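Below is one structure; the comments refer to it alone.
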Amino acid sequence: MKINFKKILTLGFVIFLLLQFYQPARNLDYGRVLPIHFTKTYDVPLDVKNILQTSCYDCHSNSTEYPWYSYIQPVRLFLDNHINEGKENLNFSEFGNYSERKQGNKLEEIVKQIKAEEMPLASYTMIHKNAILTQENKKVLINWIEQTRDSISSQNYMTVVQ
Ligand code: HEC
């Protein structure tokens with residue numbers, strides 16, 4: 001059978017064009033910060049806030065800063081996949097909705113992911129160079145998160161003892 005490359009290319013191009021019409025709703029909260037946001041649940045210092053905003057919120061909050069190429073499909077599908085999966089695992093915008101136990105586990109998980117250099121995702125930092133965590137960033141994040149994590153568990157301990 002003779003393969004008609006020209007037809008295949010044309011068909012591929014048509015599919016690519018049609019795919020551009022698929023532009024689902026974006027992950028945006030238009031500045032509406034919920035009372036269950038991480039920064040309302042805890043007294044988060046400014047430096048920690050800034051690091052999380054720059055390196056984590058695009059995938060772990062209700063507000064993504066979309067790059068220009070997000071308008072191109074199938075790039076958008078790839079980004080959405082990370083955002084949906086990221087939010088499902090950890091959503092800073094709705095952190096206060098987690099049970100105390102879950103909050104503690106997530107804080108622990110954050111420290112683990114940072115120490116293992118799993119987060120932010122490498123495919124993300126390849127383009128978003130400013131999201132790469134410096135040694136100093138890691139120290140600031142880990143110190144504060146571990147401190148917060150300990151204060152939750154000691155509160156729980158107190159309630160058990162009383
Ligand atoms: C490009 C998107 C993206 C960015 C940016 C990103 N993450 Fe993630 N994160 C994901 C995805 C997707 C998952 C789920 C799959 C996996 O674990 O790889 C995840 C999983 C996690 C988990 C695991 C949650 C659990 O309980 O299993 C933690 C913790 C986490 N991320 C923390 C962070 C932190 C902290 C930052 C910023 C320093 C960050 N992530 C930046 C996409 C991202």
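The values are calculated or read from the model by the stated rules, or taken from the named source; none is laboratory data. Just so you know, these numbers come straight off a predicted model, no measurement behind them. Cβ: placed from backbone, ideal geometry, glycine included. Neighbour counts: every protein chain shown.
Can you name every residue in the range 86-116 that is over 21 Å from Ile142 (Cβ atoms), surrounded by 18 or more Cβ atoms within 10 Å (Cβ to Cβ) and near the ligand (Cβ under 9 Å from one of its atoms)? Result: Lys87, single match.
The single condition from (1) in a loop (DSSP other than H, G, I, E, B); (2) farther than 22 Å from Arg149 by Cα; (3) modelled with pLDDT of 95 or more; (4) of a type in the set (Val, Ile, Thr) that Val33 fails is (3).
For the range 28-72, filtered to residues that are more than 14 Å from the chain's Cα centre (by Cα) and aliphatic (A, V, I, L, M), the residue that is nearest to the ligand (Cβ to nearest atom) is Val48. Against the conditions (1) away from the ligand (no atom under 11 Å from the Cβ); (2) touching a residue at least 40 places away in the same chain (Cβ under 8 Å), Val75 satisfies every one except (2). Looking only at the range 50-67, residues that are in a helix (DSSP H, G or I), surrounded by 14 or more Cβ atoms within 10 Å (Cβ to Cβ) and not aliphatic (A, V, I, L, M) come to 7 in all. Within the range 68-79, identify whether any single residue is among the charged types (D, E, K, R), within 30 Å of Leu133 (Cβ to Cβ) and surrounded by fewer than 17 Cβ atoms within 10 Å (Cβ to Cβ), and answer yes or no. No - not one qualifying residue is present in the range 68-79.
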